[in-house]
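S.K.: Mind looking over this structure? Questions follow.
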Amino acid sequence: MASTLEVMQLTDVMSTTLVAVSPETRIGEAARKMVDSDVGAAIVLASGDELVGVITERDLMRCVSEGIEPNRPVSDRMTRHVLTASPTTELAEAMALMVDGHFRHLPVVNDEGRVVGVISMRDLMAYTSLRLRGGSLGHDDDLDPAEVIATIFRMRTGAA
């Protein structure tokens, strides 16, 4: 039997609560939106809902530590080359992308390229916590929580 990580898809655990900003949005305003929505990343969309970047809590912390003015546009500090996944991407593949790329948020796009969700370390931890407590998402699986926790540890520490 395949492990849960090989069977579960992003659509099963991704967050569909998105915070979106434009490249012209001020850094301070993006930070406020992220705090108000309790998310660790905002997707940056150009006109026509085209994904052009992501700004994360780490990016914002760097702005603070470097003395960047909060009235600067998000485009000055966002990550521009963003990897994405589809809703049918398996958890194991998404986790591998995140570990290999050293990032914590992965936008999920549909066949038309429209952002429909985001998977984050927080989502993975929530899923793992639910499964450890014996909860279910309606799947008959054999989740190995140690596998998920080890992967998240690697994501956080960069350990091999």
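The values are calculated or read from the model by the stated rules, or taken from the named source; none is laboratory data. Since this is a predicted model, take the numbers as computed values, not measurements. Note that we place each Cβ from the backbone using ideal geometry, even for glycine, and neighbour counts take in every protein chain shown. Just so you know, the surface numbers come from the protein's heavy atoms only, side chains and all, with ligands and any DNA or RNA stripped out. Shrake-Rupley method; radii C 1.70, N 1.55, O 1.52, S 1.80 Å.
S.K.: Within segment 34-57, which residues are part of a helix (DSSP H, G or I) and either aliphatic (A, V, I, L, M) or farther than 18 Å from Arg122 by Cα (or both)?
M.R.: Across segment 34-57, the qualifying residues are Met34, Val35.
S.K.: Residue under question is Ser86, and the condition is that it be within 13 Å of the chain's Cα centre (by Cα), among the polar types (S, T, N, Q) and open to solvent by 30 Å² or more (accessible area, probe 1.4 Å); does it hold?
M.R.: yes
S.K.: Okay, next question. Quick one: how many residues across segment 36-57 are of a type in the set (Asp, Glu), open to solvent by less than 90 Å² (accessible area, probe 1.4 Å) and on the phi > 0 side of the Ramachandran plot?
M.R.: Total satisfying the criteria: 1.
S.K.: Here's another thing I want to ask about it. Which numbered condition trips up Ala96, out of (1) within 20 Å of Leu10 (Cα to Cα); (2) modelled with pLDDT of 95 or more?
M.R.: For Ala96, the exception is condition (2).
S.K.: Would you confirm whether or not segment 10-23 contains a residue that is more than 16 Å from His105 (Cα to Cα), assigned to a loop (DSSP other than H, G, I, E, B) and not aromatic (Phe, Trp, Tyr)?
M.R.: There is at least one residue in segment 10-23 that is more than 16 Å from His105 (Cα to Cα), assigned to a loop (DSSP other than H, G, I, E, B) and not aromatic (Phe, Trp, Tyr).
S.K.: Any residue that is among the β-branched types (Val, Ile, Thr), outside any strand (DSSP E or B) and under 16 Å from Arg26 (Cβ atoms) - is there at least one of those in segment 93-111?
M.R.: No, segment 93-111 contains no residue that is among the β-branched types (Val, Ile, Thr), outside any strand (DSSP E or B) and under 16 Å from Arg26 (Cβ atoms).
S.K.: Right, here's the next one. Report, by residue number, each residue of segment 58-78 that is open to solvent by 40 Å² or more (accessible area, probe 1.4 Å) and in a helix (DSSP H, G or I).
M.R.: Arg58, Met61, Arg62, Val64, Ser65, Asp76
Here's the yes/no breakdown for (1) touching a residue at least 12 places away in the same chain (Cβ under 8 Å); (2) more than 22 Å from Asp38 (Cα to Cα):
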{"position": "Leu60", "(1), (2)": "yes, no"}
{"position": "Ser65", "(1), (2)": "no, no"}
{"position": "Leu83", "(1), (2)": "yes, yes"}
{"position": "Thr89", "(1), (2)": "yes, yes"}
{"position": "His105", "(1), (2)": "yes, no"}
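S.K.: Shifting gears a bit: Could you give me the residue pairs with C-beta distances under 9 Å whose first residue belongs to segment 108-120 and is free of Cβ contacts under 8 Å to residues at least 60 places away in the same chain, whose second residue is in a loop (DSSP other than H, G, I, E, B) wherever it lies, and which are 6+ apart or on separate chains?
M.R.: Val109/Thr84; Val109/Ser86; Val109/Pro87; Asn110/Ser86; Asn110/Pro87; Asp111/Ser86
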